[in-house]
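Structure record follows, encoded as structure tokens.
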Amino acid sequence: MRPGRTAFCTLMAALVVAGLGASSLAWASGATIRGIITGRGENDSVIVQTDSARLTITLTDVTRIRRIDGIRPVIVSSADLVPGLRIKAEGMLDTADTFSATKITFTRDDFKIAAAIQAGIMSTDQRSLVNEHNIQGNTQELTAQKAALGQQGQELATQGGRIASDEQKMIATAGLLNTRISNLDDFTPLKSITIRFSNNKYDVSNADRAMLQQFAEQARATNGYMIQVQAFASDVGPYQLNQRLSLERANRVTQILQQSGVPLTNVFVPAGMGVTEQVATNKTKQGQAENRRAVVTLLQNKGLATK
């Protein structure tokens, strides 16, 4: 081969290699992923299921977390990154299954959906069944991966694992939605009462305590009953304070129901709804008082109702 042609080929090969390296670096350092949070990991990390992978997202002191209310971003903390929340994360893909986030965003509507899932539409026993199903699914996925490694080699096993992960994600999502819809269809609301609270308080007044005790007595006389407790705060003051306050109110009402003879297995997981579902304006003291409430609902299983 002529010296000039040899030098030309060498130069072209070097340019191709340099181009591929630059492309990979840009992809790794400027990545954006979208997915649903499925759990919390160690060191303030979150587990996210994307369309094609299950990633551990690492949060650092420089990670910015924003909730988008319409077009306005609101600064929130990592405490709002709850399971069931759909997020967008920007940052760098460290490995095949770890991601360092510099910014995480989610919408207020998606947060409401995640809060509703956390609100306890599933009872404690039903949550255990879902966890059991997920464990069985993970075991099946590991078995399938091992079989693929033995039959087709490392490359085919990796591809099979991705397919199994996608199928598992779809099954888990469908199972959660079916469980929620099934619960709503299986129960008939019979009665609902509202408990009021003082500003920045979660104590229940003597009058409301007596009403809860009477409510519990009626519930225990109902065949196939369940009780749902949802508590709210007025949209005044820090967001995180209102979120915690609403959960304390829900737990306090549930505690009184238990003290009145209602087993915990007959109560859906108490829901702290924060400042969602405001029923009155917060520009007046009367409106704020109406928003500081807990709604307690008696439901009856249609299959166990007395005919």
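List the residue pairs whose Cβ atoms are under 6 Å apart, where the first residue sits in the range 213-226 and is over 16 Å from residue 295 (Cα atoms), the second is in a loop (DSSP other than H, G, I, E, B) and of a type in the set (Val, Ile, Thr), and the two are 6 or more positions apart or on different chains. So the pair list comes out as 223/306.
Being touching a Pro at 6+ places or on another chain (Cβ under 8 Å), aliphatic (A, V, I, L, M) and within 26 Å of residue 238 (Cα to Cα) narrows it down to one of 37, 71, so name that one.
The conditions single out 37.
The number of residues in the range 244-265 being in contact with a strand residue (DSSP E or B) (Cβ under 7 Å, 6 or more places away or on another chain) and surrounded by fewer than 20 Cβ atoms within 10 Å (Cβ to Cβ) comes to 1.
Residues to consider are 87, 75, 104; find the one that is at pLDDT 90 or above and surrounded by fewer than 17 Cβ atoms within 10 Å (Cβ to Cβ).
Numbers: 87 fails: surrounded by fewer than 17 Cβ atoms within 10 Å (Cβ to Cβ); 104 fails: surrounded by fewer than 17 Cβ atoms within 10 Å (Cβ to Cβ).
Of 87, 75, 104, the one residue that is at pLDDT 90 or above and surrounded by fewer than 17 Cβ atoms within 10 Å (Cβ to Cβ) is 75.
Quick check on residue 248: is it part of a helix (DSSP H, G or I) and under 28 Å from residue 74 (Cβ atoms)? Against the criterion (part of a helix (DSSP H, G or I) and under 28 Å from residue 74 (Cβ atoms)), residue 248 qualifies.
The values are calculated or read from the model by the stated rules, or taken from the named source; none is laboratory data. What you see is a predicted model; the values in this text were computed from it and never measured. When we count neighbours, we look across all protein chains shown, and the Cβ atoms used for this are built from the backbone with ideal geometry, even at glycine.
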